[in-house]
1. Out of region 285-331, which residues are in a loop (DSSP other than H, G, I, E, B), of a type in the set (S, T, N, Q) and closer than 23 Å to residue 346 by Cα?
2. Out of region 243-261, which residues are under 25 Å from the mean Cα position of the chain (by Cα) and not aliphatic (A, V, I, L, M)?
3. Return yes when residue 36 is at pLDDT below 95, crowded, with 19+ Cβ neighbours inside 10 Å and not polar (S, T, N, Q) and no when it is not.
4. Would region 345-365 turn up any residue that is assigned to a helix (DSSP H, G or I), touching a strand residue (DSSP E or B) at 6+ places or on another chain (Cβ under 8 Å) and of a type in the set (A, V, I, L, M)?
5. Test residue 275 against the criterion of being outside the structural domain of residue 236 (by TED's automatic domain parsing), assigned to a helix (DSSP H, G or I) and loosely packed, with under 15 Cβ neighbours inside 10 Å, and give yes or no.
6. Out of 96, 3, 16, which single residue is assigned to a helix (DSSP H, G or I) and either more than 20 Å from residue 134 (Cβ to Cβ) or not assigned by TED's automatic domain parsing to the domain that holds residue 150 (or both)?
Amino acid sequence: MSEGVTLSVCMIVRDESPVLARCLDGVRVFADEIIIVDTGSVDDTKQIARRYTDRVYDFPWIDDFSAARNVSYSYASKDYVMWLDADDVVSPADAEELKALKKTLPRETDVVYLLYGGETDQKNIMNNMVLFRDRWMRRSLNPRWQGRLHEFIPCPPEAVRYFADRIRILHCKVRVNDPDRNMRIHRLCMAEQKEPPVRDLSFLCNEYFGQERYSDAVSLFNELTARDPFPRHEVCFALLAYIQSMKALKKTDELIGRLLSLRENGIENEMLLCELGAACLARNQLEEAEHWLLETLRTPVDYRDMMIHFEAYREFIPCQKLSKLYMLLGKEELAYQFFTRAEKIYPENRSIRVNRLYFASRHAPA
């Protein structure tokens, strides 16, 4: 074990006065230095930042996240460099965990991965996603960001990785400062390259879905899956947008075939399996639906696969679907068992409240 390492926390910000202090309250617990690069704030973002650090710099925004992040990293001086966004939150408990991690981190570690996701949302359950993100990197590796949008640091294949699975950074967005920003930068990216990289295609598919451009999202996903070699990671990232777009276009029959094809290409995560079950249930193919939904519950989730995972697909949605399926089969006791299993996960979800009333009436005393 090491005697302890030092950590630079680097952030790029712009008009983040509603959330910046919330983020930095956690950061100051574990950071040895805090570096803030402001890309053009017109509110009091910089004044707030200076309450936590004197390392506040200006860099004009040029529609390039990597350019801004690389500038922030250039000011770092500690053993490791960590990135955060202003709307990220580090809870007091996780801040203490990060402080302790600096003392216990194995000496050979090059990259530290932390879990990333939003606060539990019982109303909009698809907001509950989790994945590992590379958050720290050894500064001596000279980490450099790439990509105008949805930027990333290429990780050397020989790098020694450490997965801190007890620590989660929460993403808690309050507002969108520049609604057209992502599409504007996407257009720049497309104009600069003859063939869009698969990474850009996966993110753009999600953008199209968010804009309710369902046919465009489906077309782009089909283009993505036609790439050789098959881009498994990027396909998984865009999978939810594709599935929901197909549903919006009422192409359930075609969706089943496509999901089976994706499974043959090595994608067998909880989302794909559950959606296969749901699609079969919608077609009243109850035996097939039962098979896929039970298979979902048997499928382990390992966040170290670096894929995005939606928590509702692990147990909540398959249990809800199985409850409905067993009611259709007249197996009311099984239906109730799966309902109560789902109820424990998101007890305040609207569908649970509705089903609770239904089962209460079925189990009311005579």
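1. Here is the first cut: in region 285-331, the ones in a loop (DSSP other than H, G, I, E, B) are 285, 299-302, 306-308, 314-315, 329-331.
Okay, now just the ones that are also of a type in the set (S, T, N, Q), so 285, 299.
Within region 285-331, just 299 meets the criteria.
2. 244, 245, 247, 258, 261
3. Values: at pLDDT below 95: no; crowded, with 19+ Cβ neighbours inside 10 Å: yes; not polar (S, T, N, Q): yes.
Against the criterion (at pLDDT below 95, crowded, with 19+ Cβ neighbours inside 10 Å and not polar (S, T, N, Q)), residue 36 does not qualify.
4. At the first step, the residues of region 345-365 found to be assigned to a helix (DSSP H, G or I) are 350-362.
Checking the rest, the ones that are also touching a strand residue (DSSP E or B) at 6+ places or on another chain (Cβ under 8 Å) come to none.
Scanning region 345-365, I find no residue that is assigned to a helix (DSSP H, G or I), touching a strand residue (DSSP E or B) at 6+ places or on another chain (Cβ under 8 Å) and of a type in the set (A, V, I, L, M), so the answer is no.
5. Working: outside the structural domain of residue 236 (by TED's automatic domain parsing): yes; assigned to a helix (DSSP H, G or I): yes; loosely packed, with under 15 Cβ neighbours inside 10 Å: no.
For residue 275, the condition - outside the structural domain of residue 236 (by TED's automatic domain parsing), assigned to a helix (DSSP H, G or I) and loosely packed, with under 15 Cβ neighbours inside 10 Å - is not met.
6. Values: 3 fails: assigned to a helix (DSSP H, G or I); 16 fails: assigned to a helix (DSSP H, G or I).
Every option except 96 fails the conditions.
The values are calculated or read from the model by the stated rules, or taken from the named source; none is laboratory data. The shown structure was predicted, so the numbers you read here are calculated from the model rather than taken from an experiment. Here Cβ is always computed from backbone atoms with ideal geometry, including for glycine, and neighbour counts include all displayed protein chains.
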